[in-house]
Amino acid sequence: MTEYRNSQPPADVFVVGGGPAGIAAALAARQHGLEVTIADGCVPPIDKPCGEGLMPDGVAALNKLGVRVPVADCQRFRGIRFVNGECSSEADFPSSCGLGIRRTVLHQILIEHAESAGVRFLWQAPVTGLHPDGVLLRGELHPARWILGADGSSSRVRRWAGLDAPNDNNHRFAFRRHYRVAPWSEFMEVHWADHYQLYFTPVSANEVCVALISRDPALRLDDALSSFPEMKRRLQGAEHSSTERGGVSMTRRFARVYKDRIALIGDASGSVDAITGEGLSLAFSQANLLGACLAAGNLAAYQSGHRKIARRPAIMSHLMLLLDRHRLIRSRVIRAFAAEPKIFAHMLATHVGEVSPLHLAANSLALGWKLVTA
């Protein structure tokens, strides 16, 4: 076996990947008294194309990690509005607000909290491999009891651990841009067209985020806006406060998210389509669970809990993608939501985890009856 220099202090937990998922896992581990090191090849703050809306369940999971976003750094939104042509429907979240926040701002807040909690960061330090005693970085062995892969959808840790075998692998394409304009709505808005959506999220008192998700890798925001005259009118002449950035939205599920002393979190452990807006919420919930499982030395409990956490967003993703694929169903559903706002409110409460999936089944029956009698 190759010998590596070992001049580094041992860590209880070594996190590969310094994005929100990795930092959240580090914060959770520190809450249980574990020593944590994070390594990432990038320079912070790390940006990523996304809708930048944090659902109420994600806010609650973030608060549980000891992180509260300052009011000056975000914009609250009270619920979700669906817009399909001339028809629209909206519903408030049951008991709390969502937060719109720039990804870079959120990342910086997480870093500051982690540093205050005693997490050690190694930036511009890509991990090059795993070792029976830890991880390899710049030709040195960094010993650690637990190794967490928080290195995104193309996770090398997942591949090195032999966990890289997804059961599902559907993908769409996402593009995002910010506009310097006052938000015109207290809602996160989803504007529907055939096979693509535009998301509007207020991220400050004078800035909005507009994200496009589609199945067409060549479709861009400026072209998509022509299908949404109202949105185009509101953005007409507004200064672009960021360049258009793109990424891939994946639906992926893995049979296992741990092996021996290695665990995966965030997109490295699987993902749902960005249509749900639940990516960060999933990561923060996984982090709270993982911290407790690491402290107990029981990653098998993380496996079962991870599957449970993913169940509700996966169901909602399938339902919303059904609306994406079928124009007639989408039109009927959104008309039904507009006619019976309580149905939409119950669906939204299920979406953010404030009622059980059994309520989703009951509301699906009510919605089905409404569609039949419409």
>> Suppose the filter is surrounded by fewer than 23 Cβ atoms within 10 Å (Cβ to Cβ), under 21 Å from Leu289 (Cβ atoms), outside the structural domain of Val190 (by TED's automatic domain parsing) and touching a residue at least 40 places away in the same chain (Cβ under 8 Å); does Leu34 pass it?
In response: yes
> Out of segment 105-156, which residues are of a type in the set (A, V, I, L, M, F, W, C) and in a loop (DSSP other than H, G, I, E, B)?
Replying inline: Val119, Ala125, Val127, Ala150
> Given the conditions (1) in the same structural domain as Glu230 (by TED's automatic domain parsing); (2) part of a strand (DSSP E or B), and given that Pro183 satisfies all but one, which numbered condition is not satisfied?
Replying inline: (2)
> Of all residues in segment 257-307, which are of a type in the set (D, E, K, R) and over 20 Å from the mean Cα position of the chain (by Cα)?
Replying inline: Lys259, Asp260, Arg261
> For Arg159, all conditions in the list (1) under 24 Å from the mean Cα position of the chain (by Cα); (2) not in a helix (DSSP H, G or I) hold save one; what is the number of the exception?
Replying inline: (2)
> Can you tell which of Ala362, Ala336, Ala345 is part of a helix (DSSP H, G or I), modelled with pLDDT of 90 or more, out of contact with any Leu (no Cβ under 7 Å at 6 or more places or on another chain) and of a type in the set (A, V, I, L, M, F, W, C)?
Replying inline: Ala345
> Going through segment 37-67 one residue at a time, which ones are touching a helix residue (DSSP H, G or I) at 6+ places or on another chain (Cβ under 6 Å) and either small (Gly, Ala, Ser) or not assigned by TED's automatic domain parsing to the domain that holds Phe93 (or both)?
Replying inline: Gly58, Ala61
>> I'm checking my understanding of the structure. Among residues of segment 9-49 that are within 18 Å of Gly134 (Cβ to Cβ) and modelled with pLDDT under 95, which one is farthest from the chain's Cα centre (by Cα)?
In response: Pro9
>> Only one of His240, His178 is in contact (Cβ under 8 Å) with a residue 24 or more places away in the chain and surrounded by fewer than 20 Cβ atoms within 10 Å (Cβ to Cβ). Can you tell me which?
In response: His240
> Going by the conditions given, is Ser116 closer than 29 Å to Ala29 by Cα, surrounded by fewer than 16 Cβ atoms within 10 Å (Cβ to Cβ) and not hydrophobic (A, V, I, L, M, F, W, C)?
Replying inline: yes
>> Looking only at segment 205-220, count every residue that is outside any loop (DSSP other than H, G, I, E, B) and more than 21 Å from the chain's Cα centre (by Cα) and tell me the total.
In response: 0
> Quick one: in segment 186-199, which of the residues that are in contact with a helix residue (DSSP H, G or I) (Cβ under 7 Å, 6 or more places away or on another chain) and part of a strand (DSSP E or B) is surrounded by the most Cβ atoms within 10 Å (Cβ to Cβ)?
Replying inline: Gln197
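To keep it simple, each residue is scored yes or no on (1) modelled with pLDDT under 95; (2) part of a helix (DSSP H, G or I).
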| site | (1), (2) |
| --- | --- |
| Met250 | yes, no |
| Ala295 | no, yes |
| Arg307 | no, yes |
| Leu322 | yes, yes |
> Out of segment 162-180, which residues are within 24 Å of His318 (Cβ to Cβ), among the small types (Gly, Ala, Ser) and not in a strand (DSSP E or B)?
Replying inline: Ala165
>> For segment 252-266, which positions are modelled with pLDDT under 95 and either surrounded by 21 or more Cβ atoms within 10 Å (Cβ to Cβ) or of a type in the set (Phe, Trp, Tyr) (or both)?
In response: Phe254
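Filter segment 135-155 down to residues that are out of contact with any Gly (no Cβ under 8 Å at 6 or more places or on another chain) and touching a residue at least 40 places away in the same chain (Cβ under 8 Å) and give me whichever is surrounded by the most Cβ atoms within 10 Å (Cβ to Cβ).
We begin by selecting, within segment 135-155, every residue out of contact with any Gly (no Cβ under 8 Å at 6 or more places or on another chain); these are 137-140, 145-146, 153-154.
Imposing the further condition that a residue be touching a residue at least 40 places away in the same chain (Cβ under 8 Å) reduces the set to 137, 139-140, 145-146, 153.
Details: Leu137: 22, Gly139: 8, Glu140: 14, Arg145: 16, Trp146: 24, Ser153: 18.
This residue is Trp146.
The values are calculated or read from the model by the stated rules, or taken from the named source; none is laboratory data. Quick caveat, the model's predicted, so the values are computed rather than measured. Virtual Cβ from ideal backbone geometry, glycine too; neighbours counted across all protein chains shown.
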